[in-house]
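Worksheet: one structure, shown below.
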Amino acid sequence: MPNLTGKVAIVTGGNSGLGFETAKAFVANGADVIIACRSLERGEQAKEQILKKNPAGTIKVLPIDLTDLTSLKNFADSFKSHYTRLDILINNAGIMISPFALTKDGFESQMGTNHLGHFALTGHLLSLLKATPNPRVVTVSSLAHKQWKISFDNNLCERERSYNRFRAYARSKLANLLFAYQLQRNFDAHGIKCLSLAAHPGASHTNLGRYMEKNVFVRLFRPLIERMLPSAESGALPQLRAAVDQTVIGGQFFGPSGFMELAGSPVVLKSSKNSYNTEDAIRLWKVSEELAGVKYKW
Ligand SMILES: NC(=O)c1ccc[n+]([C@@H]2O[C@H](COP(=O)([O-])OP(=O)(O)OC[C@H]3O[C@@H](n4cnc5c(N)ncnc54)[C@H](OP(=O)(O)O)[C@@H]3O)[C@@H](O)[C@H]2O)c1
C-alpha cells in the first residue's frame, strides 16, 4: 500500500466485512477515511476498533442508507459541505439473496441497494471527484454476476410473484459491472481524469451470508464453511489494489488469482461477456438516471 496521507476516501458499508478491512487499510496508510453506513452505532464501533490499532488515524462515520434516495442526497450534501476533495470512492456496501422487499423508493431491494443506490451516490459526488486530481471510483461486484443477463423488465426489478433472490443478486452484481465500465467510458468521453474500476473478492468470511440462515444445508455446515472461507482481510485485496495500485488502467476488473477466482492474490481478470455489452450499459445508465432521479453533470 502506498502512503495515502492527504487523500480522502469514502467506503460504503465500511463498518463490516470487506468494507471494514478496506477502511482499516486506508487508515493504516494515512488516508482521511469516511465510513458511510446505515447504523451509526455499528459505524462508531468499527471506528473504535480501527483506531485501537491506528490511534493517530483519521476516520469519521457518516450516515447513509442505500435504500433511500433522500438519504443518499443528504449524505452527499453533508460530505460536500465538509470536504473539498474525494480521492477514492469505494462502492462496497451490499446485501445478498435477501427475501423480496422494496426500498423506500419502491425498487426491489437488492437492485436498489447494490446498484441504484451506488449509481445515485456516485452521481451526487461527481462534482467533487472532478475537482480532485486523479480520483478513483471502485465498484464491488461478485462472481455471481456471471450467472444471468441483465433484464430491463419492470424497471430493472424482479416482480414479487416470480422473485428469485439468487437471480436478483446476480443481476444487481452484473449491473455493478455494467455501471463501472460505462462510468469509465463516460469519464473518457468527457475528458475527465478519473478512473472507474471494478473488483470482486472471490468468497470470503463476512456478514453477507445472513440471509442464508434458513437454508438447512448451510445451517448444518455453516461452521465448517466459515472456517474454510478466506478471511475478509484477503477478500478486500482486489478492491484495495483497484483503489491504490499506480499501474491500473481505468475499466479494469480485479479479483483473486486462485482456483475458480475464489481466493488468492489480486490480479486483473475478465468479467462475463454480458458485462462488456455497451448497448446494455448505455440502456442501464439511462434507466438508472430516470429511476434514481440523478442526472450526471459531466
Ligand atoms: N463476502 C463475499 O464472499 C462476497 C462475495 C462476492 C461479493 N461480495 C460483495 O462485497 C461487498 C461487501 O460485502 P461483505 O461481504 O463485506 O458483506 P457484509 O459484511 O454484510 O457488509 C456489507 C455492508 O453493506 C452495508 N449495507 C447493507 N445494506 C445497506 C444499506 N441499505 N445502506 C447502507 N449500507 C448497507 C452493511 O451494513 P450493516 O452492517 O448495517 O448491515 C455492511 O456494512 C458487497 O457488495 C458484496 O456483494 C462479497
Applied in sequence order to region 176-185, the curve 6.51 cos²θ - 1.76 cosθ + 1.60 (Karplus, θ = phi - 60°) yields integer Hz couplings, x standing for Gly and Pro, of 4, 6, 4, 5, 4, 6, 5, 4, 5, 4
In nm, give the distance between the simple-model label positions of I282 and A189, each being 7 Å from the Cα along the Cα-to-Cβ direction. 0.7 nm
Order of I34, I249, I95 under a 10 Å beta carbon neighbour criterion, fewest first: I249, I95, I34
Tell me which of S71, Q45, P55 sits at the most positive position along the dipole axis of region 40-90, charges placed on C-beta atoms (Lys, Arg +1; Asp, Glu -1). P55
About the Cα centre of the chain, what is the dipole size in debye to 20, counting +1 per Lys and Arg Cβ and -1 per Asp and Glu Cβ, all else neutral? 220 debye
Cut-off 13 Å between beta-carbons: net charge of the residues surrounding A46, Lys and Arg +1, Asp and Glu -1: +3
Using DSSP to call loops (not H, G, I, E or B), can you name the trypsin sites (Lys or Arg not before Pro) in region 45-104 whose Cβ has at most 16 other Cβ atoms within 10 angstrom? R85, K104
Quick one: L240, L183, fewest Cβ neighbours within 10 Å first, how do they rank? L240, L183
For the residue pair L51 and E160, what label-to-label distance in nm results when each label sits 7 Å from Cα along the Cα-to-beta-carbon direction? 4.4 nm
Going by how many other beta carbons lie within 10 Å of each one, how would you line up L125, L177, L18, L224, fewest first? L224, L125, L177, L18
Chain lengthening between M228 and N3 when straightened (0.36 nm per residue, less Cα-Cα): 77.7 nm
For K286, give me every one of the lysines with a C-alpha distance below 30 angstrom, ignoring sequence neighbours fewer than eight places off in its own chain. K73, K80, K104, K130, K146, K149, K173, K193, K270, K273, K295, K297
How large is ³J(HN,Hα) for each residue in region 261-276, as worked out from phi by the Karplus curve 6.51 cos²θ - 1.76 cosθ + 1.60 (θ = phi - 60°), to whole Hz, x for Gly and Pro? 6, 8, 7, x, 6, x, 9, 6, 10, 9, 8, 5, 4, 4, 6, 9
Excluding K149 itself, what net charge comes from residues whose Cβ is under 11 Å from its Cβ, given Lys and Arg +1 and Asp and Glu -1? +3
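Just so you know, all these numbers are worked out from the coordinates, no wet-lab data involved. Just so we're clear, the structure is a prediction, and the values are computed from it rather than from any experiment. As a convention, Cβ positions derive from the backbone with ideal geometry for all residues, glycine included, and neighbour counts pool all protein chains shown.
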